[in-house]
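Following: one structure in structure tokens, then a few remarks.
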Amino acid sequence: MSKSKLKSVETKYIFITGGVLSSLGKGIASSSIGLLLKKSGYTVTIMKLDPYINVDPGTMNPFQHGEVYVTDDGAETDLDLGHYERFLGESLFKCNNTTTGQVYFEVISKERRGEYLGKTVQVIPHITDEIKKRVRSFEGKKDFVIVEIGGTVGDIESLPFLESQRQIAWELGSSRALNIHLTYVPYIKSSGEVKTKPTQHSVKILMEHGIKPDILLCRAESKLHKDIKQKIGLFCNVEEESVIDVPDAANTIYEVPLAFKQQGLHNIIAKKLGIKEKEPMVEELKKFVEKIRKPAHVVDVALVGKYVQYRDSYKSIIESFIHAGSINNTRVNIHLINSEEITQENFVEKLSFLDGILVGPGFGKRGIEGKILAINYARTNNIPFFGICLGMQCAVIEFARNICNLKDAHSSEFAKTTQNVIDMMEKQKKITNMGGTMRLGAYPAHLNKGTLAYKAYGSEDISERHRHRYEVNNEFRQVLLDKGLIFSATSPDGMLVEIVELPDHPWFVGVQFHPELKSRAITGHPLFIDFIKSSLKIRKAKQN
Ligand code: GLN
């Protein structure tokens with residue numbers, strides 16, 4: 001852990017709540033503030049408190065909750081942790097995400113063990129104490145802890161979190177705790193007016209819980225006029241200068257920290273907490289954003305999957321493309337294609353304009369054959385192909401069926417045949433309950449020199465995050481090898497195939513892990529960078 005820059009590590013807490021409606025971008029706002037503080041030289045971590053009763057989002061349908069983000073230490077967490085990691089450029093852990101489910105699980109388990117010594121166990125103080133314990137577990141370890149509270153103020157579910165916030169802010173005092181509230185300021189077209197009432201109401205609800213906001217972040221279509229800020233300030237007990245604009249980011253979410261900096265949000269935070277004002281170093285970010293705004297090239301790539309109607313299901317993959325695009329000075333047009341709609345009749349029409357095809361992760365049988373068709377098209381037409389987790393497993397099935405002549409090749413996840421080239425991992429066969437039971441988190445892999453993957457990484461030893469139950473069936477390894485499939489990486493003991501690739505193809509790589517969970521703003525991920533690079537090459541070749 002890098003050394004703290006404050007004299008003594010007196011961890012300061014910044015709480016971020018949201019009002020009026022959800023999906024205003026609390027995660028991006030929290031990440032942006034985190035980035036500015038980090039770039040000012042402070043150590044920072046970000047924590048998400050989720051009000052739902054699920055212990056983690058691992059068992060939730062991606063349509064409901066978006067992508068499940070997996071940390072190095074194997075926690076299945078909220079996708080906001082992805083934003084935090086991408087903006088901060090560092091790894092977070094299990095302790096960075098707490099849900100109501102986890103809190104109650106802990107308290108009820110303690111009660112069963114008799115640890116409350118016969119007391120009546122209640123929301124206050126027992127649930128709130130458990131929340132406070134988790135929030136304050138970072139004490140002395142970081143200069144700043146940003147705590148994002150999920151949901152919208154006024155929700156019944158988030159009450160214990162707000163009460164915990166109130167108590168912590170009270171205990172620490174104004175030099176160590178800051179309350180930031182993100183609201184929405186709508187523009188009513190018919191009257192041509194910007195309306196502050198929803199913000200007033202939202203702050204009123206917050207104050208009913210004993211929380212006075214120090215700073216208001218106002219999400220609006222465009223910048224707020226001075227008069228509006230004055231009005232909001234007056235009615236909400238906030239200085240006018242602490243009413244900050246969060247206009248819709250015109251090009252990319254990575255502009256948000258720059259917009260905050262321009263309004264001096266970092267200085268307002270410093271002033272309120274009584275620390276020295278410092279200038280965040282954002283030059284690299286500026287360059288990164290500039291290339292997203294005005295890229296020199298363009299490519300069209302497909303993201304083939306089953307959950308494409310809801311973009312949040314593939315959040316990290318989409319962000320990884322944006323990172324790799326900026327690094328290649330290229331706009332990546334991402335075409336989300338529903339694998340269930342790819343058929344023998346239409347696959348050429350659907351896929352022929354693409355410069356690259358990515359087949360994404362997934363569970364369940366639906367859409368499998370469409371994925372296999374897309375992979376077949378990419379393989380036989382020399383289109384760069386990137387398979388992630390289930391996407392890689394489908395690539396092995398396609399190869400087995402069409403090159404090894406194993407016509408019944410399948411994954412035992414979907415059909416039990418005598419040719420299950422993809423099969424359940426041995427350890428997984430003994431597990432019966434649902435949540436948190438896959439092979440989860442970061443595991444090392446060893447790359448073979450001379451492979452495409454090795455060239456992309458520039459290293460023999462890597463560590464990548466996993467979330468799977470199935471793997472390449474080692475009984476079929478030799479058959480696949482004999483026909484030319486390359487195993488470019490395995491687990492260090494050689495037992496688990498981690499990367500497959502094809503020779504005599506511009507770029508055909510399938511990975512058992514989730515590289516998208518390690519792609520960061522500014523630096524990207526080697527495989528995504530290389531995939532876009534080769535897609536760009538194909539694009540240029542087509543044009544010449
Ligand atoms: N369903 C597959 C497995 O469990 C793939 C999982 C994934 O794509 N994350 O192995």
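The values are calculated or read from the model by the stated rules, or taken from the named source; none is laboratory data. Nothing here was measured: the structure is a model prediction, and the numbers come from that model. Don't worry about glycine lacking a Cβ; one is built from the backbone with ideal geometry, like all the others, and counts go over all protein chains shown. Surface accessibility is based on the protein's heavy atoms, side chains included, excluding ligands, DNA and RNA. Shrake-Rupley method; radii C 1.70, N 1.55, O 1.52, S 1.80 Å.
Yes or no, residue by residue, for (1) part of a loop (DSSP other than H, G, I, E, B); (2) over 30 Å from residue 354 (Cβ atoms); (3) open to solvent by 50 Å² or more (accessible area, probe 1.4 Å):
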residue	(1), (2), (3)
234	no, yes, yes
260	no, yes, no
286	no, yes, yes
295	yes, no, no
So which residues in the stretch 214-232 are part of a helix (DSSP H, G or I) and open to solvent by 10 Å² or more (accessible area, probe 1.4 Å), if there are any at all?
226, 227, 228, 229, 230, 231
Residue tally, condition away from the ligand (no atom under 13 Å from the Cβ), open to solvent by less than 40 Å² (accessible area, probe 1.4 Å) and either more than 22 Å from residue 69 (Cα to Cα) or part of a loop (DSSP other than H, G, I, E, B) (or both), over the stretch 436-450:
1
Within the stretch 245-253, identify whether any single residue is open to solvent by 20 Å² or more (accessible area, probe 1.4 Å), of a type outside the set (A, V, I, L, M, F, W, C) and free of Cβ contacts under 8 Å to residues at least 24 places away in the same chain, and answer yes or no.
no
Checking the structure you have, find out if any residue of the stretch 465-486 is under 26 Å from the mean Cα position of the chain (by Cα), open to solvent by 40 Å² or more (accessible area, probe 1.4 Å) and among the polar types (S, T, N, Q).
no
Tally the residues that are in a loop (DSSP other than H, G, I, E, B) and open to solvent by less than 90 Å² (accessible area, probe 1.4 Å), restricting the search to the stretch 105-132.
4
Could you pull out every one of the helices (runs of 4 or more DSSP H) wholly within the stretch 312-426 that has 3 or more residues that are more than 16 Å from residue 300 (Cα to Cα) and either more than 16 Å from the ligand (Cβ to nearest atom) or open to solvent by less than 20 Å² (accessible area, probe 1.4 Å) (or both)?
368-380, 390-402
Tell me, please, whether a residue that is hydroxyl-bearing (Ser, Thr, Tyr) and farther than 22 Å from residue 254 by Cβ can be found in the stretch 77-99.
yes
Here, helices (runs of 4 or more DSSP H) confined to the stretch 451-544 with at least 1 residues that are within 24 Å of residue 322 (Cα to Cα) and within 16 Å of the ligand (Cβ to nearest atom) are 526-543
Looking at 517, 502, which one is within 17 Å of residue 450 (Cα to Cα), surrounded by 19 or more Cβ atoms within 10 Å (Cβ to Cβ) and touching a residue at least 60 places away in the same chain (Cβ under 8 Å)?
502
Run residue 83 past the list (1) more than 30 Å from residue 207 (Cβ to Cβ); (2) buried (at least 20 other Cβ atoms within 10 Å of the Cβ) and report the number of the one that doesn't hold.
(1)
Of all residues in the stretch 301-311, how many are open to solvent by 10 Å² or more (accessible area, probe 1.4 Å) and in contact (Cβ under 8 Å) with a residue 60 or more places away in the chain?
4
Any idea which of 41, 27 is open to solvent by less than 40 Å² (accessible area, probe 1.4 Å) and within 30 Å of residue 364 (Cβ to Cβ)?
27
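Residues checked against (1) over 29 Å from the mean Cα position of the chain (by Cα); (2) closer than 25 Å to residue 52 by Cβ; (3) open to solvent by 30 Å² or more (accessible area, probe 1.4 Å):
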| site | (1), (2), (3) |
| --- | --- |
| 151 | no, yes, yes |
| 154 | no, yes, yes |
| 169 | no, yes, no |
| 187 | yes, no, yes |
| 193 | yes, no, yes |
| 200 | yes, no, yes |
| 212 | yes, no, yes |
In the stretch 156-167, anything open to solvent by 10 Å² or more (accessible area, probe 1.4 Å) and of a type outside the set (D, E, K, R) is listed as 156, 159, 160, 167
